[in-house]
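Novice: What follows is a structure written as structure tokens; I'll ask about it next.
The values are calculated or read from the model by the stated rules, or taken from the named source; none is laboratory data. What you see is a predicted model; the values in this text were computed from it and never measured. Cβ sites come from the backbone with ideal geometry, for glycine too, and all protein chains shown count toward neighbours.
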Amino acid sequence: MQGEFFRIAAQIAERASEGGISVADLAEIASSSHGEVNCYPGVPGNQCHRLAYFVSLHGKLRKGKGHYNFAQVMEEFIQHMQGRCIGVTQHAVLMTDAWWHDHYEKWRDNIEAIKQSGVTVEAYLIGLGGHVSRIDL
């Protein structure tokens, strides 16, 4: 089953497969079909929005500086969802090309609490060639 934001994950994976994707490109794709959003890295901004993207890329898929590893993006996710934007962001989309199980486990109870509060959380594993798989959390 594809989630609502599968198409965005596929766009990011495809662009990343063409020589890497920059932080600015991530922000552009993230906001292209939903207007103002929070995007980590990229445009976290000072204002909270109903939709937030959290993207972790490594190696060949990233281009330039400013990218987050999985541990960093998970910390930003928790701080955003249970801190500065609690009650505002209603859709959170996690994307990564390297699923670090230990960092997921560290925050699993927090993720469950976020989901229990009514927030929709989708997660995707992306790879070279535009490959995208949904991860059920």
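Novice: State yes or no: is Gly3 under 22 Å from His101 (Cβ atoms), in contact (Cβ under 8 Å) with a residue 12 or more places away in the chain and not aliphatic (A, V, I, L, M)?
Specialist: yes
Novice: Another question, if that's okay. Taking the condition over 12 Å from the mean Cα position of the chain (by Cα), within 20 Å of Arg7 (Cα to Cα) and of a type outside the set (Asp, Glu), does His103 pass?
Specialist: Spelling it out, it is not the case that His103 is over 12 Å from the mean Cα position of the chain (by Cα), within 20 Å of Arg7 (Cα to Cα) and of a type outside the set (Asp, Glu).
Novice: Within the stretch 127-137, take every residue that is in contact (Cβ under 8 Å) with a residue 12 or more places away in the chain and touching a Leu at 6+ places or on another chain (Cβ under 9 Å) and give me the one that is surrounded by the most Cβ atoms within 10 Å (Cβ to Cβ).
Specialist: Val132
Novice: Could I ask something else about it? Can you tell me which residue among Ile111, Ile8, Ile12 is part of a helix (DSSP H, G or I), in contact with a His (Cβ under 9 Å, 6 or more places away or on another chain) and either among the basic types (Lys, Arg) or within 17 Å of Ile135 (Cβ to Cβ) (or both)?
Specialist: The unique qualifying residue is Ile8.
Novice: Let me ask something else about it. Across the stretch 79-93, which residue is nearest to Ile8 (Cα to Cα) among those that are hydrophobic (A, V, I, L, M, F, W, C) and surrounded by fewer than 17 Cβ atoms within 10 Å (Cβ to Cβ)?
Specialist: Within the stretch 79-93, the match that is nearest to Ile8 (Cα to Cα) is Val88.
Novice: Another question about this same structure. Are any residues in the stretch 18-37 of a type in the set (S, T, N, Q), outside any helix (DSSP H, G or I) and more than 18 Å from Gly66 (Cα to Cα), and if so, which ones?
Specialist: Ser33
Novice: Another question, then. Looking only at the stretch 94-110, how many residues end up being under 23 Å from Leu61 (Cβ atoms), surrounded by fewer than 14 Cβ atoms within 10 Å (Cβ to Cβ) and modelled with pLDDT of 95 or more?
Specialist: Final tally of qualifying residues: 0.
Here is a yes/no grid of residues against (1) under 19 Å from Asp25 (Cα atoms); (2) modelled with pLDDT under 95:
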| residue | (1), (2) |
| --- | --- |
| His67 | yes, yes |
| Val73 | yes, no |
| Phe77 | no, no |
| Thr89 | no, no |
| Ala92 | yes, no |
| Glu112 | no, no |
| Lys115 | no, no |
| Gly127 | yes, yes |
| Arg134 | no, yes |
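Novice: Among the candidates Val93, Val88, which residue alone is out of contact with any strand residue (DSSP E or B) (no Cβ under 7 Å at 6 or more places or on another chain) and aliphatic (A, V, I, L, M)?
Specialist: Val88
Novice: Evaluate the stretch 45-58: report whether one residue or more is on the phi < 0 side of the Ramachandran plot and modelled with pLDDT under 90.
Specialist: Yes - at least one qualifying residue is present in the stretch 45-58.
Novice: If a residue has to be under 25 Å from Gln11 (Cα atoms), buried (at least 17 other Cβ atoms within 10 Å of the Cβ) and among the β-branched types (Val, Ile, Thr) to count, how many in the stretch 112-126 make the cut?
Specialist: Of the residues in the stretch 112-126, 3 are under 25 Å from Gln11 (Cα atoms), buried (at least 17 other Cβ atoms within 10 Å of the Cβ) and among the β-branched types (Val, Ile, Thr).
Novice: Pull out all pairs, ordered by first then second residue, where Cβ-Cβ is under 7 Å, the residues are six or more apart or on different chains, the first lies in the stretch 49-68 and is surrounded by fewer than 19 Cβ atoms within 10 Å (Cβ to Cβ), and the second is small (Gly, Ala, Ser).
Specialist: Final answer for the pair search is His58/Ala98; Lys60/Gly20; Lys63/Gly19; Lys63/Gly20; Lys63/Ser22; Gly64/Ser22.
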